[in-house]
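I'd like to ask some things about the structure below.
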Amino acid sequence: MSKYTVAVLVRNQSGVLNRVTSLFRRRQFNISALTVSETESSELSRITVVFEGEEDYKQQLVNQLYKLPDVCSIKEFNSDNSISCELLLIKLVNDPDTRDEIRTASEAFGAVVVDYSKESIMLRLTDESHKIDDFINLMRDYTILEICRTGSVSLEKGGNTIRQMINF
């Protein structure tokens, strides 16, 4: 199975997210990351979906997404044509014995301390998904209290935009 990242530009209306994700569910695609936000226009929202599946079924899904009345445009991304990243917040026990190791690892990955108390340290990392996975795996040697991460967000490289392909 292959992993895909697809951005779906939709009208910013109630129920649209449910209709879009229902297509994935009905086709038995497992969504591994989902990000939704308003765009530069309050009339449109962008849904970025990361999922796994077979190429033939993915193409059928994209064709069916285009049939939804609120879908304006769809763009598939890969590492060659886009920049993708996600955000991680991770809270660890602030143990004097491991504090320096955690800070050294954080600096190596570019993570920033965003909260510090006697009990815990919270770090923020924005990077590609696989680097966030690597950082989390490294932090598993310490006591993780909580993890929260966003889904992937992606934009196409160069001057093209998803709005240039709008299908109204």
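Decide, for the range 1-71, between rounded, prolate and oblate: order the square roots of the alpha carbon gyration tensor eigenvalues as a ≥ b ≥ c, take rounded if a/c falls under 1.5, and otherwise choose prolate if a/b is larger than b/c, else oblate. Each step should come with its number before you reach the end.
Numbers: a/c = 2.11, a/b = 1.67, b/c = 1.26.
Prolate is the answer for the range 1-71, as a/c is 1.5 or above and a/b outweighs b/c.
Test of understanding: what is the full-extension gain from GLN164 to ASN30, defined as 0.36 nm times their sequence separation minus their Cα-Cα distance? Before the final figure, lay out each step's value.
On the way: separation 134, 0.36 × 134 = 48.24 nm, distance 2.87 nm.
Working it through step by step, the gained length comes to 45.4 nm.
Counting helices only, and only those DSSP H runs with n ≥ 4, report the 222 nm mean residue ellipticity of the chain as the sum of -39,500 (n - 2.57) divided by its residues, in deg cm²/dmol to the nearest 500.
Details: 4 runs with 45 residues, N = 168.
For the chain, the value works out to -8000 deg cm²/dmol.
Roughly how many Å is it from the Cα centre of the range 1-57 to that of the range 88-110, as a whole number?
After rounding, the separation between the Cα centres reads 34 Å.
For the residue pair ARG124 and LEU87, what label-to-label distance in nm results when each label sits 7 Å from Cα along the Cα-to-beta-carbon direction?
0.7 nm
Of [x] 18; [y] 30; [z] 39, which one was derived for percent of Cα pairs over 30 Å apart from the structure shown?
Entry [y].
Here's something else I'd like to know. Going 7 Å from the Cα of ASP56 in the Cα-to-Cβ direction, what parts of the range 1-34 have a backbone nitrogen less than 15 Å from that spot?
What the label zone holds, given the 15 Å backbone N cut-off, is 1-2.
I need VAL113, VAL16 ordered by Cβ neighbour count within 10 Å, fewest first. Intermediate results must be reported in sequence, preceding the final value.
Details: VAL113 13, VAL16 19.
Result, fewest neighbours first: VAL113, VAL16.
OK, next. Would the range 83-153 count as rounded, prolate or oblate if I go by the C-alpha gyration tensor, calling it rounded below 1.5 in a/c and otherwise prolate when a/b exceeds b/c, oblate otherwise? List each step's numbers first, then the result.
Details: a/c = 2.04, a/b = 1.79, b/c = 1.14.
The shape class here is prolate.
Quick one: length gained pulling ARG99 to GLN13 fully straight, 0.36 nm per residue minus the C-alpha distance? Could the numbers behind the result be given before it?
Values: separation 86, 0.36 × 86 = 30.96 nm, distance 4.64 nm.
Length difference between fully extended and current span is 26.3 nm.
Could you calculate the contour length gain from THR143 to SER22, that is, 0.36 nm times the residue separation minus the distance between their Cα atoms, to one decimal place in nm?
Residue separation times 0.36 nm, minus the Cα-Cα distance, leaves 39.9 nm.
Of the lysine pairs in the chain, how many meet both conditions: Cα atoms under 25 Å apart, and a spacing of 8 or more in sequence or different chains?
Eligible lysine pairs with Cα atoms under 25 Å apart amount to 14.
Using a Förster distance of 35 Å, how high is the FRET efficiency between SER42 and GLU107, based on the Cβ-Cβ distance and rounded to 0.05? Walk me through the numbers on the way to the answer.
Details: r = 39 Å, r/R0 = 1.11.
It comes to 0.35.
Another question, then. Which FRET efficiency value, to the nearest 0.05, do you get for SER79 and TYR116 by plugging their Cβ-Cβ distance into 1/(1 + (r/R0)^6) with R0 = 35 Å? Before the final figure, lay out each step's value.
Details: r = 35 Å, r/R0 = 0.99.
So the FRET efficiency works out to roughly 0.50.
Something else about it: Scan the range 85-126 for GluC sites (Glu not before Pro) in coil per DSSP, keeping those whose Cβ has at most 15 other Cβ atoms within 10 Å, and list them by number. Before the final figure, lay out each step's value.
On the way: sites: GLU86, GLU101, GLU107, GLU119; in loops: GLU119.
Passing sites in the range 85-126 are GLU119.
Read-outs throughout are calculated quantities, based only on the coordinates presented, and are distinct from any laboratory measurement. Keep in mind that what you see is a predicted model, and the values were worked out from it rather than measured. With ideal geometry, Cβ positions are generated from the backbone for all residues, glycine too; neighbour counts draw on all protein chains shown.
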